[in-house]
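The values are calculated or read from the model by the stated rules, or taken from the named source; none is laboratory data. Since this is a predicted model, take the numbers as computed values, not measurements. We place every Cβ from the backbone using ideal geometry, glycine too, and count neighbours over all the protein chains shown. Calculation scope for accessible area: heavy atoms of the full protein, side chains included, ligands and nucleic acids excluded. Shrake-Rupley method; radii C 1.70, N 1.55, O 1.52, S 1.80 Å.
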Amino acid sequence: MSASVAQANGRKKAEEKDTTAEITKKPRSCMDTLTFYVYVLGIWISFLVFGWTQEALAKEDFDGDTFHFTHTQVFLQSVGNMIVAFAAILLECSLSSTPLTLNAGVSLRHWLIASLGYQGAHFFGLHSLQYVSFPVQIVIKSCKTVPVLIGEVLIAGEKA
């Protein structure tokens with residue numbers, strides 16, 4: 001009986017090894033690596049242009065007046081984001097032949113809370129550009145994970 005158990009264990013380990021080999025990363029081709037760097041460079045360039053235009057808009061003098069339409073700017077950015085996201089959802093659904101769902105199984109209440117937080121973050125971020133530079137704002141924004149982690153540990157009881 002112990003021989004059959006040992007054989008079964010040996011087969012199980014061999015199956016696990018095959019599964020592990022399938023999961024492990026395969027060597028990347030030069031094209032995959034090049035594509036990765038093109039995407040990274042594209043993100044950096046887009047982010048730099050976005051930051052430069054945001055700061056220029058917030059600080060530039062327009063005939064003795066400054067830009068006061070922050071709400072409109074955030075709204076138009078959100079509409080643009082919504083259009084791009086909807087187009088991406090439609091493209092993904094058409095390519096994978098999955099049914100179209102726009103809420104991803106999340107209640108409208110949760111979407112509203114997230115969107116209000118998004119609007120508030122952009123509104124206050126754009127207003128802060130009148131007083132600090134864009135790089136300083138980004139450094140400060142990157143520190144926001146610290147209180148979030150502390151809140152998760154203290155409030156939600158998550159392990160760090």
Of the conditions (1) at pLDDT below 75; (2) of a type in the set (Ser, Thr, Tyr); (3) exposed (fewer than 10 other Cβ atoms within 10 Å of the Cβ), the single one that Ser107 does not satisfy is (1)
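Each row is one residue, and each column tells you yes or no for (1) aromatic (Phe, Trp, Tyr); (2) at pLDDT 85 or above.
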residue	(1), (2)
Ala58	no, no
Phe75	yes, no
Ile83	no, yes
Leu90	no, yes
Output the qualifying pairs, or none if there are none: Cβ atoms under 7 angstrom, residues six or more apart or on different chains, first residue in region 69-81 and under 14 Å from Gln54 (Cβ atoms), second residue surrounded by fewer than 14 Cβ atoms within 10 Å (Cβ to Cβ) and of a type outside the set (Lys, Arg).
Thr70/His127
Could you go through region 57-66 and let me know if any residue there is touching a helix residue (DSSP H, G or I) at 6+ places or on another chain (Cβ under 9 Å), of a type in the set (D, E, K, R), within 21 Å of Gln137 (Cα to Cα) and surrounded by 11 or more Cβ atoms within 10 Å (Cβ to Cβ).
no
Sort through Ile138, Ile45 and tell me the only one that's open to solvent by 60 Å² or more (accessible area, probe 1.4 Å), aliphatic (A, V, I, L, M) and under 18 Å from the mean Cα position of the chain (by Cα).
Ile45
Test Gly151 against the criterion of being free of Cβ contacts under 8 Å to residues at least 24 places away in the same chain, surrounded by 11 or more Cβ atoms within 10 Å (Cβ to Cβ), out of contact with any helix residue (DSSP H, G or I) (no Cβ under 8 Å at 6 or more places or on another chain) and not aliphatic (A, V, I, L, M), and give yes or no.
yes
Please indicate, with yes or no, whether at least one residue in region 31-41 is modelled with pLDDT under 75, open to solvent by 100 Å² or more (accessible area, probe 1.4 Å) and more than 21 Å from the chain's Cα centre (by Cα).
no
May I ask you to list pairs of residues, at least six apart or on different chains, whose Cβ atoms are under 8 Å apart, with the first in region 107-118 being within 19 Å of Gln77 (Cβ to Cβ) and the second being open to solvent by less than 90 Å² (accessible area, probe 1.4 Å)?
Trp111/Asn103; Ser115/Ser78; Tyr118/Ser78
